[in-house]
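As structure tokens, the structure follows; a few thoughts come after it.
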Amino acid sequence: MFLPEPEPSEAGLRIRQSSRDTHGFVMNVAHLWSWRPDVFDGFAALRNQLTSQSALTKRDQAVIVCATASQLGDSYSSLAWGKTLAAEATPAVAAAVLSATDPAGVLTPRDVALTAWVRKVVADPNGTTQSDVDALKAAGFGDREIFEATALTAFRVAFAAVNDALGATPDWQLFETVPKAVVSAVTYGRAPELPSP
């Protein structure tokens with residue numbers, strides 16, 4: 001990362017311990033967000049508020065994050081959420097969303113429509129049209145789901161921008177647990193910082 005470790009604080013230590021408890025190690029993003037644990041808590045609360053009562057499925061949510069991350073060139077979120085999407089669907093589905101290609105035809109029409117929408121929102125939010133929304137509706141999305149998909153996309157753009165701009169690299173511990181198909185699809189962004197021999 002481009003910033004040093006912040007001075008120890010009770011809130012920063014709590015974020016690190018939570019990461020250790022959840023993942024078995026302290027993620028690089030936990031170190032980074034220790035600079036403003038209160039803002040990290042706000043991000044986490046907003047994410048939970050958005051997703052806990054969402055009409056979107058867990059697969060939909062993982063598709064959204066993977067499509068957002070890959071459109072941004074964010075390798076960290078792509079690997080983390082590619083692993084999640086692989087568990088919710090298959091590694092081939094995760095790889096197809098991350099690479100924006102589907103040579104094996106593993107994506108559902110819902111996946112395809114959602115991925116296309118997310119990529120447009122990330123690339124050019126002013127470039128979306130009513131026909132883009134209509135394509136989502138044709139794939140079975142309701143108005144609430146469309147709003148939630150767009151809000152989750154925007155949320156992930158903001159979170160990734162902080163991590164990526166300040167040089168947070170994917171954790172080698174995470175990298176080692178991601179399916180090979182997902183790793184092969186993530187050809188962009190920062191490389192994991194491997195441990196010293």
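Derivation of every value follows stated rules applied to the coordinates shown; laboratory data play no part. Only a predicted model underlies this, so the values are computations on that prediction, with no experimental measurement involved. Positions of Cβ are backbone-derived with ideal geometry, glycine not excepted, and every protein chain shown enters the neighbour counts.
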Legend entry - Two-decimal ratio, the chain, of alpha-carbon radius of gyration to 2.2 N^0.38 Å: 1.03
Inset, instruction - Would you mind calculating the relative contact order of the chain from Cα pairs under 8 angstrom and at least 6 residues apart, reporting the percent as a whole number? - result: 29
Inset, instruction - Mind telling me which of Asn48, Asn163, Asn28 comes out most flexible in a GNM of the chain, alpha-carbon contacts under 10 Å? - result: Asn48
Legend entry - Sorted by Cβ neighbour density within 10 Å, fewest at the top, the residues Ile146, Ile64: Ile146, Ile64
Inset, instruction - Pick out, from Pro195, Thr57, Val157, the residue whose Cα sits farthest towards the positive end of the charge dipole of the chain, with +1 on the Cβ of Lys and Arg and -1 on the Cβ of Asp and Glu. - result: Thr57
Legend entry - Quotient of Cα Rg and 2.2 N^0.38 Å for region 8-53, N being how many residues it contains: 1.15
Inset, instruction - Would you calculate a helix-derived [θ] at 222 nm for the chain, using -39,500 (n - 2.57) for each DSSP H run of n ≥ 4 and dividing by the full residue count, to the nearest 500? - result: -20500 deg cm²/dmol
